[in-house]
1. Given a 1.4 angstrom probe, I'd like the percentage of the accessible area of the chain that is carbon and sulfur, rounded to a whole number.
2. What whole number of Å gives the distance from the Cα centroid of the range 17-83 to the Cα centroid of the range 87-146?
3. Find the accessible area per residue for the chain; the probe is 1.4 Å, ligands and nucleic acids are left out, and the unit is Å².
4. Where does the charge balance sit around V139 when Lys and Arg score +1, Asp and Glu -1, over other residues with C-beta under 12 Å from its C-beta?
5. Considering only the other residues whose Cβ falls under 14 Å of the Cβ of W128, what net charge follows from Lys and Arg at +1 and Asp and Glu at -1?
6. Under a point spin-label approximation (7 Å from Cα along Cα-to-Cβ), what is the H114-R40 distance to one decimal in nm?
7. Label the range 13-93 by shape, choosing from rounded, prolate and oblate, from the square roots a ≥ b ≥ c of the eigenvalues of the Cα gyration tensor; if a/c is under 1.5 it is rounded, and otherwise prolate applies when a/b is larger than b/c, oblate when it is not.
8. With Cβ to Cβ distances under 11 Å as the rule, what net charge do the other residues near V51 carry (K, R +1; D, E -1)?
Amino acid sequence: MKAIDVTGNVPDSTYSWADVQGTLRAIMNHELAKLTQNPRPPQWFNMADNVASTNPGDHFDHYATTQAALLAGATAHHRVFWVSYATAGRPANLPAGLLAAKRTLFYAYADSVHAATGMGMDYFHNEWRQWGPKSYARVVRARAAS
């Protein structure tokens, strides 16, 4: 298995689906190894909902990334499957405190992308209006160890 270079360098190579899963598995295992509790309790993994009936119209890369994470081992943990573009037609549902925190985080990201690329802030303002004040997800808890 080849590990995918996450430094921003694009090597002259192609990667297989197994390489992607292996890289995600290595990242998960690296982070889980930091836990000192033994046995390790299930952790939380947040990912796009890959079920088209609950998250219709999402992009293939979101569905594929979730599938790769599940195949890499996330199914042994609690999962939060968030709804992506399908929130556009849904009502706002975040309380004020969470909305303020989400907005701060989103615009910190937007400002950094703008500074690095010169990308116009209008793009980010439009994105925020579509889905900013919304958060829809379904939770799947890990099965208890037997």
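1. The C+S portion of the solvent-accessible surface of the chain is 59 percent.
2. What the calculation gives is 19 Å, centre to centre.
3. Heavy-atom SASA per residue in the chain reads 66 Å².
4. Numbers: positive: R79, R138, R141; negative: D49.
Surrounding charge for V139 is +2.
5. Taking every other residue near W128 into account, the sum is +1.
6. 3.9
7. On the way: a/c = 3.02, a/b = 1.40, b/c = 2.16.
Taking the square roots of the gyration eigenvalues as a ≥ b ≥ c, the range 13-93 is oblate.
8. That sum, taken over residues with Cβ under 11 Å, equals -1.
The values are calculated or read from the model by the stated rules, or taken from the named source; none is laboratory data. Not measured: the values here are computed from a predicted model. When we count neighbours, we look across all protein chains shown, and the Cβ atoms used for this are built from the backbone with ideal geometry, even at glycine. When the accessible area is computed, the model is the full protein with side chains, heavy atoms only, and any ligands, DNA or RNA have been set aside. Shrake-Rupley method; radii C 1.70, N 1.55, O 1.52, S 1.80 Å.
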